[in-house]
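Step one of this worksheet: look at the structure below.
The values are calculated or read from the model by the stated rules, or taken from the named source; none is laboratory data. Since we're looking at a predicted model, the values are computed, not measured. Cβ sites come from the backbone with ideal geometry, for glycine too, and all protein chains shown count toward neighbours.
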Amino acid sequence: MSSKNAQPIFDLATHYRIEVRGRVDVEWLRSFDSSAEISVDEARQMEDITVLSVQTDQAGIVGLVRRLHGLGIAILKFQIVSIGANAAEVEEQR
């Protein structure tokens, strides 16, 4: 594969799903990166698992993961849902 054909995966805003153990205050997370769209699956919080749905670029997701790690929050699952799609489009696909 030549470098001409290589395309970076994280250039565009990307939609991620992150499952973490415990509860996370989404408003607190949003205060760090106002450009990231973050929402929570309320039903899963009853199981003491927070599912974050995040729309951001590479720098934003790295910052979010670092914050979660710094708080000692265990990341159970990290998934790239779609590249370049907005969260509403992804929710419609599920």
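Among the residues of the range 46-57, is there at least one that is under 20 Å from LEU76 (Cβ atoms), within 11 Å of the chain's Cα centre (by Cα) and surrounded by fewer than 15 Cβ atoms within 10 Å (Cβ to Cβ)?
no
Find the residue count for the range 73-86, including only residues that are on the phi < 0 side of the Ramachandran plot, at pLDDT below 90 and not hydrophobic (A, V, I, L, M, F, W, C).
2
Which members of the range 32-56 meet the condition of being of a type in the set (D, E, K, R) and in contact with a helix residue (DSSP H, G or I) (Cβ under 8 Å, 6 or more places away or on another chain)?
Residues satisfying the conditions are ASP33, GLU37.
Okay, residues lined up against (1) among the charged types (D, E, K, R); (2) at pLDDT below 85:
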residue	(1), (2)
GLN7	no, yes
GLY22	no, no
TRP28	no, yes
GLU47	yes, yes
GLY60	no, no
ARG66	yes, no
LEU71	no, no
ALA88	no, yes
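Pull out all pairs, ordered by first then second residue, where Cβ-Cβ is under 9 Å, the residues are six or more apart or on different chains, the first lies in the range 42-70 and is over 15 Å from GLY22 (Cα atoms), and the second is assigned to a helix (DSSP H, G or I) and at pLDDT below 85.
SER53/ALA87; SER53/VAL90; SER53/GLU91; VAL54/LEU29; VAL54/ALA87; GLN55/ALA87; GLN55/VAL90; LEU64/LEU29
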